[in-house]
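Novice: Provided herewith is a single structure, encoded as structure tokens, for subsequent inquiry.
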Amino acid sequence: MKIICVIPARAESTRFFEKPLALICGKPMIQWVWQHCKEVEMFDQVYVATDSEKIKAAAESFGAEVVMTRSDHDTATERLYEVSTRIEADLYVMVNGDEPLLTKEAIVQCVPEGLKPGDFFVSNLMTDFTNPVEVVDATNLKIVTAADDRCLFISRSPIPYPKGAMDYVFHKFVGVGAFTRKALDFYHNTPRGPIEKIEENDSFRFLENHMPIYYYNCHCKSLSVDNRKDIEGVEAYLKESNN
């Protein structure tokens, strides 16, 4: 089975312009992500997918292969779909370019055993919340799954609501996903539904149409970078872990 990894990286973020190029301990954030992805032995190739010539030049400077994509994509998954129309593979693993702490041990957990070419399959990673403040933060997606890891619902609100008991560990989204070509075709050819529009979460493209999507708990350290202040937390963690 051919598995390729794609790191979507756009420059035109309204909240954080040219975020993939932000320096973390002296290296661009996109380089941290790429290095972790290159350590994953099951990946046949690792690409940075971008619409920015500046990001392309930076990525190529540290040895990354780059796929130039259109600039009008609304989501990273649409950018991944474009890559899938140009590079043949059985499984496409998307690792968000703003997850510089993700290790190879976490990334590989989105790929299950027994997957066959031609299957319809979508997965993502999640991890446990450790800070209760993050649970009520609307920038963090909360995930609820069934016993078989199939996703039941996702929300920016704290779910499930702890009415009957308080002994529950909330789970948050981690920016790694795996898609077969059949799943990406379905995503591209299916219009956005009302819940996807309300929550601004394109996983609902599958959930609203009764298509299975799985979330695996990787129990990893996840500090996604949404703004410049987040870089301070990432750098502090890296310095502490290296001491």
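Novice: Residue 27 label point, 7 Å along Cα→Cβ, cut-off 14 Å on backbone N: hits in region 213-238?
Specialist: Only 235, 238 fall inside the zone, counting backbone N under 14 Å.
Novice: Relative contact order, percent, of region 78-163 when contacts are C-alpha pairs under 8 Å separated by at least 6 residues?
Specialist: Dividing the mean separation by the residue count of region 78-163 yields 16 percent.
Novice: Taking the Cα centre of the chain as the origin, how large is its charge dipole in debye, to the nearest 20, when only Lys and Arg (+1) and Asp and Glu (-1) carry charge on their Cβ atoms?
Specialist: 160
Novice: Over 18 Å, how big is the tail of the calculated P(r) for region 14-89, in percent of all Cα pairs?
Specialist: Taking all Cα-Cα pairs of region 14-89, the fraction more than 18 Å apart is 43 percent.
Novice: Next up: For region 89-243, just run the numbers: alpha carbon Rg, then divide by 2.2 N^0.38 Å, N being how many residues it has.
Specialist: 1.08
Novice: Based on DSSP H runs of at least 4 residues, each adding -39500 (n - 2.57), what is the mean residue ellipticity at 222 nm of the chain after dividing by all its residues, to the nearest 500 deg cm²/dmol?
Specialist: Mean residue ellipticity at 222 nm (helix-derived): -7500 deg cm²/dmol.
Novice: Just tell me which aspartates and glutamates come within less than 18 Å, Cα to Cα, of residue 19; anything on the same chain fewer than 8 places away is out.
Specialist: Hits, sequence-local ones excluded: 51, 53, 60, 72, 74, 98, 99, 226, 230, 232, 235.
Novice: Keeping the other protein chains in place, figure out the carbon and sulfur percent of the accessible area of the chain, with a 1.4 Å probe.
Specialist: With neighbouring chains kept in place, the figure for the chain is 50 percent.
Novice: Which whole-number percent is the relative contact order of the chain (Cα, under 8 Å, 6+ apart)?
Specialist: Reported relative contact order: 22 percent.
Novice: Cα convex hull of region 1-48: how many Å³ per residue?
Specialist: Cα convex hull per residue, to the nearest whole number: 68 Å³.
Novice: Compute the length gained on full extension between residue 211 and residue 240: take 0.36 nm times their separation in residues and subtract their Cα-Cα distance, giving the result in nm to one decimal.
Specialist: Full-extension gain reported as 6.3 nm.
Novice: Still on this structure, I have one more. Counting trypsin sites (Lys or Arg not before Pro) as exposed when in a DSSP loop with at most 12 other beta carbons within 10 Å, what is the longest stretch of the chain free of them?
Specialist: 164-243
Novice: Still on this model: Counting only heavy atoms of the protein chains, get the accessible area per residue of the chain (1.4 Å probe) and round it to a whole Å² value.
Specialist: 50
Novice: Calculate the tail of P(r) for region 137-194: the fraction of all Cα-Cα distances greater than 14 Å, expressed in %.
Specialist: Of all Cα-Cα distances in region 137-194, 68 percent exceed 14 Å.
Novice: While we're looking at this one, here's another question. Report the semi-axes of the equivalent ellipsoid for region 45-156 in whole Å, largest first, where each axis is √(5λ) for an eigenvalue λ of the Cα gyration tensor.
Specialist: The three semi-axes for region 45-156 are 27, 20, 14 Å.
The values are calculated or read from the model by the stated rules, or taken from the named source; none is laboratory data. Model, not experiment: these values are computed from the prediction. Cβ: placed from backbone, ideal geometry, glycine included. Neighbour counts: every protein chain shown. Just the protein is used for accessible areas: all its heavy atoms, side chains included, with ligands, DNA and RNA removed. Shrake-Rupley method; radii C 1.70, N 1.55, O 1.52, S 1.80 Å.
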